[in-house]
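The values are calculated or read from the model by the stated rules, or taken from the named source; none is laboratory data. Quantities reported herein were computed from a predicted structural model and do not represent experimental measurements. Here the Cβ positions follow ideal geometry from the backbone for every residue, glycine too, while neighbour counts run over all protein chains shown. Side chains included, ligands, DNA and RNA excluded: accessible areas come from the protein's heavy atoms. Shrake-Rupley method; radii C 1.70, N 1.55, O 1.52, S 1.80 Å.
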Amino acid sequence: MRKTTIKEHIINYAKNKYYFHINDLKKYFAERDIEFKKNTLKQCLYLLKKEGLIYEAGKGWYSTIKEKLVLDTKPVEKIISLIKKKFPLLEFSCWSTEQIKGFFHHLPSQFVTFVNADKDFLQSLKDFLTDNGYNVYLNPYKIEAEKYVELKNRPIILRPSISSREPKDRFLAKVEKIIIDLFMETKKINLIDMEEYKKIVSNVVLNYRVDMAMVLDYAYSRKIKDRIQNIIREFLKLTNATF
């Protein structure tokens with residue numbers, strides 16, 4: 001009887017998974033007494049990527065999902081251009097709920113734009129955007145939001161940047177950042193409820209390949225890594241899959 005190759009073992013392991021980490025693969029081998037050499041494992045993973053059977057999903061992470069999500073930048077292009085012109089040296093990132101509207105279960109009647117920048121510049125940013133006719137709120141939390149924040153007329157919410165590791169492409173927030181920031185906004189301003197959040201994230205993560213290492217790294221910097229991992233595991237289980 002022909003011996004199953006390491007490559008075939010990886011294929012069998014990955015076929016029912018949306019994402020997996022190399023350490024989980026090694027654990028799988030150890031539990032089944034499958035002997036392997038480190039270099040052989042890396043070579044097999046490389047070949048499987050080359051053949052299009054698995055794809056990179058961040059440092060140490062792999063996925064069976066081919067397509068990556070390309071966010072529509074149109075909803076934030078104008079505001080980014082305006083801020084860049086006024087504050088050319090300012091580091092900031094921007095995203096809007098309109099960019100992920102296709103993943104909502106209940107489409108919101110109004111969309112909200114978020115801008116993250118150094119906390120010392122937020123007041124100047126607020127004054128500038130207000131002078132340009134925008135409906136702007138400076139770092140509101142739940143109590144203030146319930147009293148003052150009107151989620152109409154396409155409001156802009158300013159938040160301090162949390163980490164230099166924020167997932168962004170120049171001034172555009174990446175989907176990996178949006179996944180985490182959206183979770184925080186469910187707590188801060190009741191933007192959406194948790195069930196809606198889970199539906200949005202599951203729609204993104206199960207249909208498009210995200211950088212899972214980036215998601216979890218940013219979640220760690222925001223002190224919610226365990227919560228995010230549990231949420232992702234929860235909806236993966238519903239598909240009879242694991243990480």
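Listing for the model above:
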| item | result |
| --- | --- |
| Looking only at the range 80-90, and only at residues there that are outside any loop (DSSP other than H, G, I, E, B) and more than 13 Å from LEU158 (Cβ to Cβ), the one that is most open to solvent (accessible area, probe 1.4 Å) | LYS85 |
| Any hit, the range 166-183, residues being touching an Asp or Glu at 6+ places or on another chain (Cβ under 8 Å), among the β-branched types (Val, Ile, Thr) and in contact (Cβ under 8 Å) with a residue 40 or more places away in the chain | no |
| Out of LYS42, LYS74, sole residue that is closer than 20 Å to THR4 by Cα and without any contact (Cβ under 8 Å) to a residue 24 or more places away in the chain | LYS42 |
| Contacts under 6 angstrom Cβ, first residue in the range 211-222 being under 22 Å from ILE65 (Cα atoms), partner open to solvent by 40 Å² or more (accessible area, probe 1.4 Å) and assigned to a helix (DSSP H, G or I), 6 or more apart | LEU216/LYS225; ALA219/LYS225 |
| Selection count where residues are surrounded by 12 or more Cβ atoms within 10 Å (Cβ to Cβ) and either modelled with pLDDT under 65 or in contact with a Pro (Cβ under 6 Å, 6 or more places away or on another chain) (or both), scope the range 148-160 | 2 |
| Test set (1) out of contact with any Ser or Thr (no Cβ under 9 Å at 6 or more places or on another chain); (2) in a strand (DSSP E or B) - SER93 fails condition number | (1) |
| Selected residue (criterion: modelled with the highest pLDDT) from residues of the range 126-147 that are within 25 Å of the chain's Cα centre (by Cα) and part of a helix (DSSP H, G or I) | LYS142 |
| 3 or more residues exposed (fewer than 13 other Cβ atoms within 10 Å of the Cβ): qualifying helices (runs of 4 or more DSSP H) within the range 1-73 | 22-31, 38-50 |
